[in-house]
Structures are given as C-alpha cells and as structure tokens.
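Here is the structure we will look at.
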Protein chains: 2
Amino acid sequence: MAEFQVFDPVSTPETGPERLAALRVEMATRGVQGFLVPRADVHQGEYVAPSDERLAWLTSFTGSAGFCAALMTSAGVFIDGRYRVQVKAQVADCFTPVHWPETQLDEWLCKQLPNGGRIAYDPWLHTASEIDKLAKKLEATGIALVTSDNLIDAIWTDRPKPPMTHATSYPTQLAGKSHDEKRAEIAETMRAKGIDNTILTQPESICWLLNIRGNDVTHVPLVHGFCILQADGHATLYMEAEKAVDIHDHLGRDVVWKPRTAFAEDIASLSGKILVDPVTGPVALRELIDTDNAQIHFEQDPTMLPKACKNDVELAGTREAHLRDGAAMCEFLAWVDTQEAGRFTEIDAVMMLEECRIKTGDLKDISFDTISGAGRNAALPHYRVSTESNRIIKDNEVLLIDSGGQYLDGTTDITRTIPIGEQPQHVKEAFTRVLQGMIAISRVRFPAGLAGRDLDVLARVNLWQAGQDYNHGTGHGVGHYLSVHEGPQRLSRVSHVPLQAGMILSNEPGFYQEGEFGIRIENLIVVRAAPSLDTSTVENMFEFETLTYAPIDRRMIIVDMLTKAERDWINAYHADCRDKIGPRVSDETAVWLRQATAEI
Amino acid sequence: MAEFQVFDPVSTPETGPERLAALRVEMATRGVQGFLVPRADVHQGEYVAPSDERLAWLTSFTGSAGFCAALMTSAGVFIDGRYRVQVKAQVADCFTPVHWPETQLDEWLCKQLPNGGRIAYDPWLHTASEIDKLAKKLEATGIALVTSDNLIDAIWTDRPKPPMTHATSYPTQLAGKSHDEKRAEIAETMRAKGIDNTILTQPESICWLLNIRGNDVTHVPLVHGFCILQADGHATLYMEAEKAVDIHDHLGRDVVWKPRTAFAEDIASLSGKILVDPVTGPVALRELIDTDNAQIHFEQDPTMLPKACKNDVELAGTREAHLRDGAAMCEFLAWVDTQEAGRFTEIDAVMMLEECRIKTGDLKDISFDTISGAGRNAALPHYRVSTESNRIIKDNEVLLIDSGGQYLDGTTDITRTIPIGEQPQHVKEAFTRVLQGMIAISRVRFPAGLAGRDLDVLARVNLWQAGQDYNHGTGHGVGHYLSVHEGPQRLSRVSHVPLQAGMILSNEPGFYQEGEFGIRIENLIVVRAAPSLDTSTVENMFEFETLTYAPIDRRMIIVDMLTKAERDWINAYHADCRDKIGPRVSDETAVWLRQATAEI
C-alpha cells in the first residue's frame, strides 16, 4: 500500500440518479428551478476536504475544477479542456457534460430555461466576482439568482466531519521571514491605500502570513481558518479550538485566536475600509458587512504577490528540495528501465515512485495524486489511476508520470514521459516537439513587465507547425511548502500578471492523442534577473532558472529535429543533472544516470 | 525632383515660441489654463491635409502620432517610442517632450496644475472614448475639460484651404463587390443589432463602402467626407459639391449626396438607435444627437472588419501589385549595388526608388514618404529625409529603405536594409536576429482565434536572447488601394483582434542602436487557412501567405546563426523571388537577381 495515495475507484456513477432526484425534491420544496453545485469549498482552494466534496458526491465527477448546474429536467456538468474525456467516464446519463468556458453558464441556463426561473446558490461557496458576473449576464433573461442554505448538505446524510488536524508553526529559518515581519509589510501596503481591515479566507494566504501549516486537506500542508488583518499589523485568526492548541505561543501577542464560529459575527462588527478579494472571498461576506459603518473594497488578496515572489531563504530551500526530489526521481526512472513490459502496472509505478521519495527521509506528503498513465491513459492530462482503470504497462507504449513531493523546505512538481520499448516515429516526433517548447521557455530572456500570456506561445509554436497543440496552460505558479498550484502568476494565454523575480512556475507543454498516447515534459523554473550581455540594449530583463533536475528521456528525442541551441540546452541540462544528482543516488542509479545523461 | 515626395526641411522650431505665445493669449481671453492640440483632424486618420496640420504648425513636430498639451507656463509634446529622438531635433525649448504612454496626459496635467484649472479642447478633433477616459481620470483633481472653438484656427492666419480634389468611382472589377452589395451586407448586420443609423466619419470606411477614391491627403487615395448609412442600406454622403461632381452616376439612386455643411444638421434630426465608433467618432457627435428621439450606441465602425478581410478579387489585385512593386524594388536594389559609397545620398536613393516605381507605368502615388536612412539615421524608425538631414551614404554603413506604392489594384509596403561595403560583425548579427524574427512570423501556423498579441513575441525572441528588442509593434494592417495603415488587425502586444483570413499585415521587426545604425526587414503577409497536415489534430489553423517578393540581402546574414528551417525558408523565398520577379525585370537586373537569390 502506498502511504499517501489511494487507488479506490473514485467514481460511482450509479449513485448519481438517486442523489440528483433527492436534490430536485429539495429544489421543489424551496420553490427554485435550479441549484448550483461548485467544486469549491468556502476557501476556494483547489483541494477540498471530504466533507466539502459536494460536486463529486452528487455527480461522481472527481476532477479538480468544474461545477454542476442542476435543474428540474437537466443537469449540466461544466468542465474545461482537461476533463473532456474523464467526465464522460465518470458521470451517469442524467448529467450532461458541458464544454466550459466555450459554453458559458448563462447561455446554457437561458437555453434550458427559456421561460426563466429561480436559481439558488450557497453564498459561502461562490465569490462576489462570480455571482456579479453571472447576475449581470442574466439581466433581462427572466432567470434570477437567489441565495439559500446548501441543498446538498440537506440531503447528504452520511456527510463526513470537517477536518480537525492540529496547526503547527513553520520556522522562520525555513520561511525566511517571521510572521511579525510579514504582517508589518502587508499592513504598510494597507495603510498606503487607506484600508483598515483585510479579510483573508484563502488558507494558503493565512498559512503563509502567519507561518503556520497543517493537514486539513490531502497533499497541501494547509490548515483551514479565516483571518482578519488590521492596518496596525495585528491579526485575528479564526479556527476551531482543538486545531489551534499547538500554535498559541507561535502566534504571539499580536495575533489573537478566536473560534471559527466568531468569524461571521466579527465581520458584521467591522468598520472602516475593508479589503475583500473579489475572486476568492465568499459573496456571503458582502451580505455580512455593515455598510453603515464599513465600506467594502474589492481588491486582490494582498498576500498573494509577496507569497508568490519567494525570498532567498525560500528559494534556497526549494533548490535543495528539488535536488533531493530529483535523486528520488532518478532512482525511480532507473527502476522503470529494469522493468519488463507487460509485467508492471500504472499503480506499481506510483507506489515505487512514492517509495523512492519516502526513502529520502524528508517527504511530508506527495504534492498531488501522481498521474501515472500508460498508453491511451497518458492522453488524459489529469488522469488519476484507480484499481479499476489501472493498466498493465505494455511494450511500445509510453508511461506519463506527473508527480511531486511536499518537503519542509519546498514543493516539487515534475513530469516525465518514459518509453516502454521501441516507440513509433510519430510518438517520438511529438515528444521532440513538446521538448522544443519546454526548452524554448527554459531558455527565454524577456523584458521586465511581460506576463505569462506573452511567453505561452513559445511553448506551442513547434507543435503548431505540425498542426498540433495542447488544451491546457503551459504552466502554473507553485508555492513554497504550500499548494503546488499557486497564483497569481501563470504561463498561460489568459495570464496578465507581470512576471517578477522569485516567482516559481511550472513549464509543462504536452501533446495528447485521444485514445492513443500522451506526452508531457515538466520542470519547475523560477524567474530571476537576467545578467547583462555585451550585446544588451534593454536594461531590465528576466530569465528562468531551472529548479528541476532529472534526465529527459534521450530515447524519445529525434536529434535531427532540434536546432543547435536546443541540442546545446539539453546536453548542458543533462550535464547538470549528472553533476548535481549523481552524488545523491545509489551506485546502480549513478550508472544509469551517466547513460541517461550522455550527450546527444 | 521626385514626383511624390518632397524634401524640404519640415521642421521650423524657431516659429514655435511666437505661435505658442499667441495661443496663450487666446487661452487667457477665454479664461482657460490649457488647450489640447492633437495630431488628428476630424476624420482621425493618419494623414491630415495641410489645413489640418495644427500640431506641426504649432510645435514643428512632424511625426505621424502625438499631441500637445499647451498650458500657460509649460507645453508638453507627447510622443511614443518611435519619435523619442526625432522630437528632440524638431521642437523649440518652449516645448517639453513627454514620453507617452509611459506618462499619461492626466498625470502630467496634475503635476503641472496642482491647483487645478480648465483645459479646453475642440470636440470635433477628439473622440468620445478619448475624452471620457481623460475626464474619468481627472475626476476629483480640480482639472476640468471644457469644449471650445479651435484656438489654433483662431491664430493661424495663413492657414491653407481644405483639400478640394474630385472623388472618383472605384470599379467593381477591382473592388470585388459593388457598393450596393457592401451596403446591403453592412445593413444586414445593423438590422440584426437593431441599429437604425450608422454614422461614418473615417474616409477609409466611406471610400471602401461606396467604392470611391480621391486625393485629399498625400499618399492615401482618400476623399474626405461623412456618411450616414441606414438600416435599409440607403446612405447619405456629405461632401463639398465640387468634390462630388464626378460620382453622382456611380452613387446611384440609393446613395444621396448632400453638401458637407448639412451633416451636423442631419445628425441632430436622426432618430432611433445610432451607431457611433467610440474610437474614431468625434465627441461633437454626441453633443449633436437629439437624445429625446435617438439613442447613441457606441460600437466599432461596422465597415472595419469587412474592409480588413480582403475578398478574392482584392487579394488577386494585391498579389499582382506586389509582383509589379517587387520588380521595381529589384531594379532599385540592383542600382544601389552599382553606386559608389560616399557618392550618393539618402535623397538620391528615394528619387531612384520612386523612378523605378513610376517606370512600372501603374504607380498612382507612393503609399507613404519613403524612409531612407543611412548610418545613424537608420536608427530613427520613422525617419523622413529632408534636404537638411540628408546624409551621404558612406562605406561600412547600412541604408534602411522603407517604402511602398499605391497602385489601383493594391497598396504595398516593404523595408530592406542594404549594406554599403563591409559591415561590422555586430551589425550583421543584429540583422540576422531581426531576420529570424521576420521568418518566425512568416512561417508560423496558428490556431484560429488568436490575435496579433499572441504572435508578436515570435518576432522578438531571438533579439531578446541577445538582450535586444525594438520599440514598435511587429506589424500593422494594410488596406487595398487605401491606407497603408489600416485596422483593426495588428501584430502587436496590445492587439486583441482575432486574425481572420484575408487580413493583410506587415511583418517588420527591427533593431535600432541610437546614434549608430538601424535594421528593419519588412514583407507584407496575408492570413489564410492553413492546409491540414498528416500530423494535424487541430482543425482550424491559419498561416500567412507572403505577398512581398524582393531579395533580403544575403551579405548581411550570418548563416551559422540560422536554424535549418530558417535557412530553408530564406532559400525557398529567394527561389520564389527569382521565379516570380525574374521575368519582370531588365536583363541587367535579372543577372543581379540571380546572384542576390543564390542559396545560402
């Protein structure tokens, strides 16, 4: 058994019709024609506790993004490009998969309800931005949005209890800054804008700000709670008493603890200018704030940028975590090469990789459920192997492994695509094109001020030349012993956030041929100032430092397709892998590593 | 003498102080603390008639974009990246160059007028979008915007008369569609949106819609006027009687002619939903419309997209125009190679190039003043040679020539950078990097739905790797026997307009080392559907067809810096030049062409 990952079939489509019918009874009782069931919990995080898995409980769809709009005679499950294939396999016929964002919720609702209707939602699970946009689009359609209690909670009789793990302090020598310093810095930016109170509802923000960690959701060392930060740097942390027992000393005298139940009441008594993040703050906050005495100010959570721009201590820790993780990856990759095709499975691979990471002695958790897909399963960008889907890894297939580790000093995320036996030419060609995109991002220098959207194209252009592309962003932000998916930075056509020094990103182009095979290659990279060159005329430029070190499979590369610069990059990268990782692996793996990093 | 270009020194900085003083007297008389002097005329076009050259008359700055904010004790001349160097040489000390858009007008005004003030503007020369944005930013600053008559016109005693050229009909066999068809199509889109009247104030839109041309400004075959298009396809054309004499038959019975003076009155009597382009329609229109009977609807001029997506007839004409123009370019380039360094000037080059184009027998005009810059003048992206600035072209310098022709069947625009004698290595390296960017755009295939901003980076990434960049967009839209600068499409970081089949764009990356040298290479390209490939998985993709054929100087290319794909592209392009242009040039030039297009 693996320690951190379970392989039970997660989808039980057969439960869908009965639960949907029960929900419709609740809708009828309340006189509404629909109910929105988001994936999100009150914290709007990517991972939710079992008690908050309302979307999965209702629909059996287990992807990390999506929502259901349940109406009386139809129920749409809205999913993005990553989940087009998965959703078909997971939900019962009573649910209709809807391609989002191509089809917007308002359009779909208008088609389904030509005569209008009342759509209920739980204001704690939706943000102000989300509800305001939807309400605006629904103006004059006859469809009205109304708040209600949560109708899923009303019918989910065996709902699990909320998580109750103990919060722990996170040492300043790993964080690089004490929580006093962090609060003082954020408070200064608040005062500069005349903001009196900031309401924080994202656990990542609160854990980063107060240097605490926990274990309330799988794979992310978070503890759930709320926080109000005042313009003088004082803060109140709202959390169940049993979760906070170990951190009272750590919080010190400037951070007051209160039970979670006091949060709503305290919100109602706030005065002055109050910052709420429109994209992550529940719309319920707006209802609670007393607008006679307080003025709501929608602006991005002020911890997000400072959290995203890692300090030198965080970066040093992250580099070390990646070398440790790279050594574990190499042990794993060397093991794969000793396996006989047809004699091991996707789950075997997950378990061995977890074992390699555990052997480092420092693994706190994996940073997400390992994606281990062979053959046609590799074509599912966010595949999650279960005992039901588990495939034997056969000859002439590729194995796509996307995984990461949570270490106290940093969070990792790496994807490698491994050939099992000989590969068809078109698979190697696709691999090489994906690699070219990944190298283009790794190598680029760019003027300060540019955002992910300005660079995303570089990862795709080689695929485009062959009429190919991939239906996901090129990269996401990554936290420091926090969530492996962290904003605001992204490498994506829709990301306008200027890249800044210290931002960690994934660089993971891919290619997926549905029903056949999938390719993805991923390193983590961090933005840093680019040194001036003899030829330089632009003053402020950035480049990426590579954090991830593990060989990229030479057997998959068609060398003739590479430019000299690309070939030089891969050879230099492999030399670095040899030098940095070589001293950290077993003797057998060191032999494997020398061969795996030989020049091409 | 050249027929279409004049070389008089255009800048007379010494006239600035007196004219500014006179303007300040007018400001004082009217009790305002400032007056805005835009480059634009009422039509918001790039070229303005001499009678509308208010900015140049006041400040002596002759760039094609910019504006002056004249206050009592200071006067800012706002210019973009193209004109940073030029403005310093053109304006007197009483004017302060301001880097725009880095410094916004409202910020500058607030600094200059800390105690507030009244800033006057002529509502016919500013658009609703412009004034609304500025007014919003100036809210609560104590600075108010007020309309007034034009204070420049009040002091410009020897102002030239407005242009009075005769409009001519443009034949359907060149336009590809009759004006009846065009009006019917636009009217259909109006009816679909419930729009009753569309007010057109851009001459390009009116000339395209009604298939007329004229000669009211230099280098663009436009005739000035206004037009109101009704939802039934009927239209009214407002134009001085003497300009319209030759087109009454062509206009037919569904297009009514009225004198230009009737325009304001007719606007005031319109009813229903009225479309005005917020970006090009004068804000004066909003004041005129009778809001008791009419409702103003701000939306992009509905002729812009149909005009931008050239039809097959327009494209066939454009291809032929480019081959004709390419032959003229080759005659010119061959001539340059026979010249002795130190014995010919920038103006000699302009005159010879014009002569080569005139010899085709089909040149109607050049499409803009030829940019002919040698040595350090080549570093001015929009340099315009005058008898004063004219440089002798010396050995070991480059000559940058950016020029185009207006032919009845199409508009051309081409830039080549020609080595005069041996070149330093760093100049050839910069040339090669610029060429790589230009090839990247020429070669790219991309999914439908992408905009110029998604592709712009491809032209820059090779320069970035050397710490270099260029301070202008990669390309602009181009008209069909209309303006060489045409929207809405662009290849630029700020262009969100999805590219569509038939859109013509320039592809002109560059590099400029101030005070030393400049490089630019430009071809025109047109968006077309990309054929499916064996490897294709993305259904709708576009690519660019190259329209411009003239050799790119082989002596400037460092072959080792090119990838195989880039080298293949340049060799294939040169083979096309040889095949397509060879039969059209003189015997001597054919010899030159064979050598200039030899494989690298």
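Take every pair of alpha-carbon atoms less than 8 Å apart whose residues are at least six positions apart; their mean separation over the length of segment A:430-490 yields a relative contact order of 29 percent. A DSSP coil position with no more than 15 other Cβ atoms inside 10 Å describes the following trypsin sites (Lys or Arg not before Pro) in segment B:212-285: B:Arg253. Using only the C-alpha atoms, the convex hull of segment B:295-368 corresponds to 146 Å³ per residue. Can you work out the base-10 log of I(q)/I(0) for segment B:560-600 at q = 0.21, 0.28 1/Å, using the Debye formula on its C-alpha atoms alone? Log10 I(q)/I(0), no solvent term: -0.62, -0.88. Here chain A is treated with +1 on each Lys and Arg Cβ and -1 on each Asp and Glu Cβ, and its dipole about the Cα centre works out to around 860 debye. A label point on A:Lys359, set 7 Å along the Cα-to-Cβ line, lies at 7.8 nm from each of its counterparts in the other copies, closest listed first.
Counting only protein heavy atoms and a probe of 1.4 Å, the accessible surface of chain A is 50% carbon and sulfur. The alpha carbon convex hull volume per residue for segment A:256-347 rounds to 211 Å³. Convex hull volume per residue, computed on the Cα atoms of segment A:30-82, equals 90 Å³. Kirkwood-type hydrodynamic radius, the protein assembly as shown: 33.6 Å, calculated from all non-identical alpha-carbon pairs.
Loop-located GluC sites (Glu not before Pro) across segment A:465-539 with a Cβ neighbour count of 11 or fewer within 10 Å are A:Glu539, with loop assigned by DSSP. For A:Asn311 and B:Ala154, a Förster radius of 56 Å and the Cβ-Cβ distance give a FRET efficiency of 0.40, rounded to the nearest 0.05. Panel values: segment B:338-448, Kirkwood radius from alpha carbon pairs, Stokes-Einstein at 37 °C and 0.692 mPa s, translational diffusion coefficient 213 µm²/s. Under the criterion of Cα pairs below 8 Å and six or more residues apart, the relative contact order for segment A:293-405 equals 27 percent. On the rotation axis linking copies B and A, which residue of B comes nearest by its Cβ, and by how many whole Å? Residue of B nearest the axis onto A, distance in Å: B:Thr563, 2. For the pairing of chain B with chain A, what total accessible surface becomes buried, with a 1.4 angstrom probe, in square angstrom to the nearest 100? Heavy-atom accessible area buried at this interface is about 2500 Å². Position B:His496: other-copy label points at 0.7 nm, ordered by increasing distance, label point 7 Å along Cα→C-beta. Cα centroid separation, segment B:145-165 to segment A:1-71: 68 Å. Sorting the Cα pairs of segment B:135-274 by distance into bins of 5 Å, from 0 upward, gives 2, 9, 16, 18, 17, 13, 10, 8, 5, 2, 1, 0 percent per bin.
Between segment A:301-377 and segment B:255-310, the alpha-carbon centres lie 62 Å apart. Stokes-Einstein diffusion for segment A:386-514 at 10 °C, viscosity 1.306 mPa s, with a Kirkwood radius from C-alpha pairs, works out to 98 µm²/s.
Inter-label distance, A:Lys111 to B:Arg84: 5.0 nm, where each label sits 7 Å from its Cα along the C-beta direction. So what's the gap between the Cα centers of segment A:528-547 and segment B:187-231, to the nearest angstrom? Each part's Cα centre sits 48 Å from the other's. For segment B:241-329, relative contact order (Cα pairs under 8 Å, six or more residues apart, normalised by length) works out to 23 percent.
Each copy carries a label point for B:Ala65 at 7 Å from Cα along the beta-carbon vector; from one copy to the others these points are 3.4 nm apart, nearest first. For B:Ser64, the solvent-accessible surface computed with a 1.4 Å probe is close to 30 Å², ligands and nucleic acids excluded. What does the C-alpha gyration tensor say about the overall shape of segment A:1-66? Classify as rounded when a/c is under 1.5, otherwise prolate if a/b is larger than b/c, or oblate. Here segment A:1-66 falls in the oblate category. Ellipticity at 222 nm from helices only: DSSP H runs of n ≥ 4 in chain B, each -39500 (n - 2.57), divided by the residue count, give -9500 deg cm²/dmol. For a modelled paramagnetic label at A:Ala264, 7 Å from Cα along Cα-to-Cβ, the residues of segment A:24-61 in reach, with backbone nitrogen under 16 Å, are A:42-43. Packing-based ranking of B:425-435, A:261-271, B:474-484 yields B:474-484, B:425-435, A:261-271, ordered from highest to lowest mean Cβ neighbour count within 10 Å.
Helix A:425-443 sits at what angle to the longest principal axis of chain A, using alpha carbons and giving 0 to 90 degrees rounded to 10? With both axes taken from Cα atoms, the answer is about 70 degrees.
Taking the charge dipole of the protein assembly as shown about its Cα centre, with +1 at Lys and Arg Cβ atoms and -1 at Asp and Glu Cβ atoms, the residue from B:Ala440, B:Tyr383, A:Ile581 reaching farthest to the positive side is A:Ile581.
Choose one of B:Met27, A:Met541, A:Met164: the residue whose Cα lies farthest towards the positive end of the charge dipole of the protein assembly as shown (beta-carbon charges +1 Lys, Arg; -1 Asp, Glu; about the Cα centre). It is A:Met541. Each of A:Val527, A:Pro509, A:Thr415 was scored by the projection of its Cα onto the charge dipole of segment A:394-537, and the greatest displacement toward the positive side belongs to A:Val527; charges sit on the C-beta of Lys, Arg, Asp and Glu. Neighbouring Cβ atoms from other chains, within 10 Å of the Cβ of residues in A:456-469, number 6 on average. Rounded to the nearest 20 debye, the dipole size of segment A:377-431 about its Cα centre is 100 debye, using +1 on the Cβ of Lys and Arg and -1 on the Cβ of Asp and Glu. Three semi-axes describe the equivalent ellipsoid of segment B:57-191; taken as square roots of 5 times the Cα gyration tensor eigenvalues and ordered largest first, they are 36, 21, 17 Å. State the percent of C-alpha pairs, over all pairs in segment B:461-540, separated by a distance greater than 22 angstrom. Here the long-distance tail beyond 22 Å is 41 percent of all Cα pairs in segment B:461-540. Computed from Cα atoms, the angle from the helix A:346-358 axis to the main principal axis of chain A rounds to 90 degrees. Three principal axis extents describe the C-alpha atoms of chain B; from largest down they are 69, 54, 49 Å.
Against chain B, whose longest principal axis comes from its Cα atoms, helix B:587-596 is set at around 80 degrees. This model, with +1 at the C-beta of Lys and Arg and -1 at the C-beta of Asp and Glu, gives the protein assembly as shown a dipole about its Cα centre of some 140 debye.
The values are calculated or read from the model by the stated rules, or taken from the named source; none is laboratory data. These figures come from a predicted structure and were not determined experimentally. So basically every Cβ, Gly included, is an ideal-geometry build from the backbone, and we count neighbours across all protein chains shown. Keep in mind that these areas ignore ligands, DNA and RNA; they rest on the heavy atoms of the full protein, side chains included. Shrake-Rupley method; radii C 1.70, N 1.55, O 1.52, S 1.80 Å.
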